[in-house]
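S.K.: Quick one: structure below, then a few questions.
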Amino acid sequence: MDRITAVIIVRDEADRLPACLASLRAAVDQIAVLDTGSTDGTRDLLARLAADPDQVPPLEWAARPFDDFSSSRTAALALVETPFWLWIDADERLSADLAAEIADRRRRDELGEHDLWLVRRENRVLGRIMRARSLSGQTVARLGRTGRIRLSGDPVHEGLVPVDPDATVGRLVAPLEHEALTAIRPYLRKIDLYTTLEARAGRSRYGWRQPLHLVATPPAAFWREYVWRGCWRDGRAGLAWAALGAWSTLLRSWKVLRARR
């Protein structure tokens, strides 16, 4: 069977990390974790698990100061020595069906049929599995062959892309479970970090029109998410998601404008 290493980057994830790690047991052979500056006990947890001879799968970890997500994940990939690797975040879990599907494909020697595998992500917001189109139909690239896929290089929303344009892409059926939003306050801190990184990258096509973009885009972003993409179907969770998306748009545009001035 082709061996798999699960790759995770973390910061202050002592509460959520155990559930993520537990979901990997039936699917992967090793776990590689990169800590980017935890102060909440995450490093103590990682040290304890790495030293435990009964830890399944075996866990290896390293530490590195955070600069952006792509650079951090690239550093984590340096720990991988297996033919395949699986990208997972601390706020995600392999569903029992997805872990079983990966294990079954390995037993039948099917994993090597493709260089990159896509996974359907099931997003949960404030405890609710979302039905809005932008969240219910989300597909992410997360499992691939070492040396045949690479990170896209985006400092925030990085992704996986094949190195070879002729590489083949497969699709896994069972869902990856994602706790997209569990509480408002920590999510606001996440938005602050993401928008800072995006502004630092100079992500704007608007030039002198940036002040207009600052005013017009947030309400448009709310309407698009809440009405057009159907967040209204998800009640309080959908309203919170659309409102936070609009706030993120406003904050990012403001930071880009402030940086230019």
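S.K.: For the condition in contact (Cβ under 8 Å) with a residue 24 or more places away in the chain, among the small types (Gly, Ala, Ser) and in the same structural domain as Gly147 (by TED's automatic domain parsing), what is the one hit in Ala51, Ala47, Ala78, Ala103?
M.R.: None of the other options fit; the residue is Ala103.
S.K.: Here is a further query. Say we look at the stretch 141-173 and pick out the residues that are aliphatic (A, V, I, L, M) and in contact with a Lys or Arg (Cβ under 8 Å, 6 or more places away or on another chain); which of these is surrounded by the fewest Cβ atoms within 10 Å (Cβ to Cβ)?
M.R.: By that ranking, first place goes to Val173.
S.K.: Checking Arg260 against (1) surrounded by fewer than 20 Cβ atoms within 10 Å (Cβ to Cβ); (2) at pLDDT 90 or above; (3) over 18 Å from Lys190 (Cβ atoms); (4) out of contact with any Gly (no Cβ under 8 Å at 6 or more places or on another chain): exactly one of these is not met. Which one?
M.R.: It is condition (2) that Arg260 fails.
S.K.: Please find, within the stretch 174-189, the residue that is surrounded by the most Cβ atoms within 10 Å (Cβ to Cβ) out of those that are charged (D, E, K, R) and closer than 18 Å to Gly238 by Cα.
M.R.: For the stretch 174-189, the residue satisfying everything is Glu177.
S.K.: Pull up the stretch 40-74, narrow it to residues that are within 26 Å of Ala201 (Cβ to Cβ) and more than 16 Å from the chain's Cα centre (by Cα), then point me to the one that is surrounded by the fewest Cβ atoms within 10 Å (Cβ to Cβ).
M.R.: Filtering the stretch 40-74 for residues that are within 26 Å of Ala201 (Cβ to Cβ) and more than 16 Å from the chain's Cα centre (by Cα), the one surrounded by the fewest Cβ atoms within 10 Å (Cβ to Cβ) comes out as Pro65.
S.K.: Additional query: Residues Asp91, Asp97, Asp44, Asp35: which one is farther than 16 Å from Thr5 by Cα, out of contact with any strand residue (DSSP E or B) (no Cβ under 8 Å at 6 or more places or on another chain) and not small (Gly, Ala, Ser)?
M.R.: Going through Asp91, Asp97, Asp44, Asp35 in turn, the sole match is Asp44.
S.K.: Specify which of the listed residues (Glu92, Glu60, Glu13) is touching a His at 6+ places or on another chain (Cβ under 6 Å) and in the same structural domain as Pro162 (by TED's automatic domain parsing).
M.R.: Of the residues listed, the single one that is touching a His at 6+ places or on another chain (Cβ under 6 Å) and in the same structural domain as Pro162 (by TED's automatic domain parsing) is Glu92.
S.K.: Let me ask something else. Pull out all pairs, ordered by first then second residue, where Cβ-Cβ is under 7 Å, the residues are six or more apart or on different chains, the first lies in the stretch 235-246 and is in contact (Cβ under 8 Å) with a residue 24 or more places away in the chain, and the second is small (Gly, Ala, Ser).
M.R.: Gly238/Ala132; Gly245/Ala221; Ala246/Ala221
The values are calculated or read from the model by the stated rules, or taken from the named source; none is laboratory data. Predicted model, so just to flag it, every value in this text is computed and none were measured. So basically every Cβ, Gly included, is an ideal-geometry build from the backbone, and we count neighbours across all protein chains shown.
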